[in-house]
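Working notes, beginning with the structure itself.
None of the figures in this text is laboratory data; all of them are computed from the coordinates on show. Fair warning: this is a prediction, and the values are worked out from it, not measured in the lab. Quick reminder, even Gly has a Cβ in these numbers, built from the backbone with ideal geometry, and neighbours come from all protein chains shown.
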């Protein structure tokens, strides 16, 4: 995994807002909206001028801040029950506190002992990933998969029909099963994945599950050479970091 | 059973994932569960008392040998790798999943205020997060939860061992503001 160098770049708009509140030593329950809005917007401008890719979420929060600010300028109406109207900041405060809770939880988890950093366990040292990585492989697209699937379905033709009990199979269940299987076996051919006994219903569910996983890019399908079996494996490690820009 | 402790020690040593009492029961057909648990506790105690390079830890519903913390830099050198790390984004996302599971991607995004597609995919690939099902609402969105590997990686027996959140107390206070 790559080391990531982090300057004063924030995990998101809420993170930036929390930072400003801390920096100004402001009571989170009584945020001076116009001050914070001003600072928030000047940060965004600064980030823009540094040519940083600014995620749309930052602008959404800027709009929210301005909206709250405008509401704060309106006179407060007393309702009939004598209760004050909702503080326009309440929802934002709730969001900030919630985010802060999890940010702190994340920091605490960071301090916990972590596998492969603070302690280690035995593992099989056979480098399975290298195996797939060394040889040139060809990525398989959806259309090729559909073709392969049709071949399998066609091949079913003369098999005797076997009625299976209808069970509560679902695509999400197949997804978890498939992932478990792939983690255990590392790579499976398309045929193996569809499994035996071939039952139409199961085939369809399995295929849908495979498509879903490929869409999420959790698994990849590839071929070592033309006409070889199509193989499926869990996608190679990618940097977990770069979100926000996705 | 004679030599029970020796056998269990070997089994735990050779296993690549935490070995559960149930699995041991399955392997050691006629041995009562109580004896297995006693042997495990005895072994864990022996390793703890020895205070050496290896410990027997109870994690993720099973037992596993783990190395002493102070050896970490040398093990990394031996394996020629960098230490496992998670970015702050990944850690925050993981925290929301861990405490809020089963949870929708949308819920995580509401807490964090950013898109989490890439982070979530990374966590799925690292096998720290898994799909646990689909919510029964229109569109059947995917629900996420943590895996056994997550417990293993963070040294937890089960989810109840997660540190307590700086409690919902403050969230409640915020609600009284509304």
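At-a-glance table
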item	result
Sorted by Cβ density within 10 Å, fewest first, the residues B:45, B:51	B:51, B:45
Test item: B:100-113 mean partner chain Cβ contacts at 10 Å	3
Candidates B:105, B:126, B:140, ranked by Gaussian network fluctuation over chain B, Cα under 10 Å, top entry	B:140
Cβ-based exposure ranking for B:6, A:36, in which fewest neighbours within 10 Å come first	B:6, A:36
Calculated FRET value between residue A:122 and residue B:164, using beta carbons and R₀ = 25 Å, to 0.05	0.20
Peptide A:61-73, shielding by other chains (average Cβ, 10 Å cutoff)	0
Relative contact order (percent, whole number), the range B:4-72, Cα cutoff 8 Å, 6+ residue spacing	35 percent
Contact order relative to length of chain B, as percent, for alpha carbon pairs under 8 angstrom and 6 or more apart	18 percent
Per-pair calculated FRET efficiency, R0 = 22 Å: residue A:180 and residue A:152 via Cβ, rounded to 0.05	0.50
Computed [θ] at 222 nm, helices only, for chain B once each DSSP H run of length n ≥ 4 contributes -39500 (n - 2.57)	-14500 deg cm²/dmol
Fewest-first ranking of B:63, A:40, using other Cβ atoms within 10 Å as the exposure measure	A:40, B:63
